[in-house]
Each structure stands twice: as C-alpha cells, then as structure tokens.
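First comes the structure, then the notes that go with it.
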Amino acid sequence: MERSRIAVAGASGLIGSALVRSLTADGHEVVRLVRRAARGSDEVRWDPERGRVETAGLAGCDAVVNLAGAGVGDRRWTEEYKKRIHDSRVHGTAALARAAAALDRPPRVFVNGSAIGIYGETGDRVVDESAPAGSGFLPELCVEWEAAAAPAREAGVRTVFPRTGLVVARGGGAWGRLFPLFRAGLGGRMGDGRQYWSYISLHDEVAAVRHLLDRDDLSGPFNLTAPEPLTNREITAAMGRVLHRPTLFPVPAPVLRTVLGEMAGDVLGSARVVPERLLTSGFTFAFPGIEDALRAA
C-alpha cells in the first residue's frame, strides 16, 4: 500500500495498538478515534455506544479500520454488560459506516472487525467462511455487527470482515491471562480439553489485517485463524513445553460455569475454524503452529 491516511477505531486495544505501530513504522498516517475531545488532526472524536462520530475528521482517509468494542472476556456477562458489548460494536460500526458513506470522497476500504464466534459451537466439524452462523449471544451479535456495516458497502466502499480467533499475545486477550497461570505452574486443560481452539499469533493477525487493507480484490468475511486449530488439551500441552512448566491443574467445567457464568459456554465450546479464504488469497503465516505462536508471544 502506498503511504495512506488510515482511521483506526479501537487503536488502544490489543490488536489496534499493534496495527497502529505497524502502520506508523511503514510511514502511514494514522488517525485515531477517541472518546474525548480531539487534540489534533490525528484524532477524531466519537461515541460508539451512542452511534456518534465527527465525520469531518475522516475526510481524506483512504481506509477506515474498526476494531472497537467492549472486551468480551473482560468480566462476567451480566445483562447490562452484554448490552455494552452489543452497543459498542453494533452502534459504533453503524456510525462509522454512515460517516464513511457520507464523505465527498469515501475511503476505498472499510475493514470492520468481527469474530469466529459467529459460527457458534462447531464440535469436531471444520468450518470455513461459507458456514452459516450459529445460535446464541455471540453468533447473533456477530451477525448484527457485520450487518451494521451496510451503509459503507452500499456506498460502494470495499468492505471486509476479519473474523478473528483467539489471539496469542503476552499482553492481552485470553493468553494475557493464561501466561501468568502457566508460568506459575498452575495451568491445565479446561473442562475435558477436547474442545477446539482456533488461534492466531498477534504478528499474523496484524499482517492479515494489512493484507486485507492492501488487496483491492478482497471483500467480505475472512477467518483470521492459524491453518490448523488444536484442542484445548493439545494447546495446554504446548504451553507446558514452551514454558517448561507442569500442566497438572485442570479446571473442571462446573467450576468454569460458576466463575464465568454464561461466558463459560464459549470457553468450553468447540470452534474448529480454518482460514480458507485467507490462504486462497495468498496470505502466508509467519507463525502457523502453536509453539511458534507461543514463542513469538
């Protein structure tokens, strides 16, 4: 991609901050969406839950990347927090899509975050982007989340949905919590450990988003997961090998349900998701295996 002006929502998050660093290092101009008054031309104020964005600040942007949203794993899913998860994604996406569509010169691409949670429970079945959405809170949220980008797509803006898996990173996400436990020798499988986890290294996540930004021929959903999902039991064993720690402390399913509530269903659930469209497009993973991804983190 030639030097571009790129707006990023969710720029302070795990993926967003790594993406901003990557783009800035390559000389791109990054405009961050912030929830306070903008302090310069590199910031745009917005309020995702209320669906508001200062459209003028997006003028001249070649791309808009929306990675914003309340953390799914940050706390127990009360009805109030589920509403926050929903509104921060759906209302924020709709506002950004409308703003992009309203510009005299709309951006050439709108990359709107999504998640493999759209497929729900898949068991041992391998699913790619052609699979239908599942049922439950997360699948229904993801469907609504992606649909909210319609104004940009209908305005002729190339619209892409990176459906991200579990990001292997030291400083956040699921692994931000797992690493300290395993380093302390307190790690173990969750439930029976047979559920599939579809993961991706943070490096490959950022590289894939940039691949989707760069390629004018790519649109629609793309699974951002490593080529071969593994079971929780296999990932637990890999964590032990890489960190040189025992993995003797399995967490029984009833305990997870007590601690996590409704969210436990997604920890214990199985999602065997493959990145079919990403691979077909020519993307190459730097860290395709779990041990590679863990060492990179």
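In segment 188-203, what residues are in a helix (DSSP H, G or I) and either among the charged types (D, E, K, R) or surrounded by fewer than 21 Cβ atoms within 10 Å (Cβ to Cβ) (or both)? Quick ask: steps written out before the conclusion?
The first filter runs over segment 188-203 and keeps only residues in a helix (DSSP H, G or I), leaving 202-203.
Answer for segment 188-203, where residues must be in a helix (DSSP H, G or I) and either among the charged types (D, E, K, R) or surrounded by fewer than 21 Cβ atoms within 10 Å (Cβ to Cβ) (or both): just 203.
Residue by residue through segment 75-113, note down the ones that are open to solvent by 10 Å² or more (accessible area, probe 1.4 Å) and within 14 Å of the chain's Cα centre (by Cα).
89, the sole residue that qualifies.
I'm checking my understanding of the structure. Among residues of segment 1-46 that are closer than 18 Å to residue 113 by Cβ and of a type in the set (D, E, K, R), which one is modelled with the lowest pLDDT? Steps first, please.
Applying the first criterion (closer than 18 Å to residue 113 by Cβ) to segment 1-46 yields 6-23, 30-35, 44, 46.
From the residues that got through so far, the ones that are of a type in the set (D, E, K, R) too are 21, 32, 35.
Working: 21: 98, 32: 97, 35: 92.
Checked segment 1-46; the qualifying residue modelled with the lowest pLDDT is 35.
Which numbered condition trips up residue 70, out of (1) at pLDDT below 95; (2) more than 28 Å from residue 170 (Cβ to Cβ); (3) of a type in the set (A, V, I, L, M, F, W, C)?
Of the numbered conditions (1) at pLDDT below 95; (2) more than 28 Å from residue 170 (Cβ to Cβ); (3) of a type in the set (A, V, I, L, M, F, W, C), the odd one out for residue 70 is (2).
List, please: which pairs have Cβ atoms under 7 Å, are six or more places apart or on different chains, and start with a residue in segment 215-234 that is of a type in the set (D, E, K, R) and end with one that is open to solvent by less than 30 Å² (accessible area, probe 1.4 Å) and modelled with pLDDT under 95?
233/193
List the residue pairs whose Cβ atoms are under 9 Å apart, where the first residue sits in segment 107-120 and is farther than 19 Å from residue 214 by Cβ, the second is hydroxyl-bearing (Ser, Thr, Tyr) and assigned to a loop (DSSP other than H, G, I, E, B), and the two are 6 or more positions apart or on different chains.
116/198; 116/225; 120/135
Looking at residue 6 and the list (1) open to solvent by less than 30 Å² (accessible area, probe 1.4 Å); (2) touching a His at 6+ places or on another chain (Cβ under 8 Å); (3) in a loop (DSSP other than H, G, I, E, B), which single condition is not satisfied?
(3)
Here is a check on your reading of the model: is residue 185 assigned to a loop (DSSP other than H, G, I, E, B), more than 18 Å from the chain's Cα centre (by Cα), modelled with pLDDT of 90 or more and farther than 30 Å from residue 62 by Cα? Working first, answer last.
Details: assigned to a loop (DSSP other than H, G, I, E, B): yes; more than 18 Å from the chain's Cα centre (by Cα): yes; modelled with pLDDT of 90 or more: no; farther than 30 Å from residue 62 by Cα: yes.
When the stated conditions are applied, residue 185 does not pass them.
Within segment 95-111, is there a residue that is touching a strand residue (DSSP E or B) at 6+ places or on another chain (Cβ under 7 Å), within 24 Å of residue 157 (Cβ to Cβ) and of a type in the set (D, E, K, R)?
Here is the first cut: in segment 95-111, the ones touching a strand residue (DSSP E or B) at 6+ places or on another chain (Cβ under 7 Å) are 95-97, 99-100, 107-111.
Then drop every residue that is not within 24 Å of residue 157 (Cβ to Cβ), which leaves 95-97, 99-100, 107-111.
From what's left, of a type in the set (D, E, K, R): 108.
Taking every residue of segment 95-111 in turn, at least one turns out to be touching a strand residue (DSSP E or B) at 6+ places or on another chain (Cβ under 7 Å), within 24 Å of residue 157 (Cβ to Cβ) and of a type in the set (D, E, K, R).
Scan 161, 137 and give me the residue that is open to solvent by 10 Å² or more (accessible area, probe 1.4 Å) and touching a Ser or Thr at 6+ places or on another chain (Cβ under 6 Å).
Values: 137 fails: touching a Ser or Thr at 6+ places or on another chain (Cβ under 6 Å).
Checking each option against the conditions leaves just 161.
The values are calculated or read from the model by the stated rules, or taken from the named source; none is laboratory data. These numbers were taken from a predicted model, which means no experiment stands behind them. All Cβ positions, glycine included, derive from the backbone under ideal geometry; neighbour counts span all protein chains shown. Ligands, DNA and RNA are stripped out before the accessible areas are found, and what is left, the full protein with its side chains, is counted by its heavy atoms. Shrake-Rupley method; radii C 1.70, N 1.55, O 1.52, S 1.80 Å.
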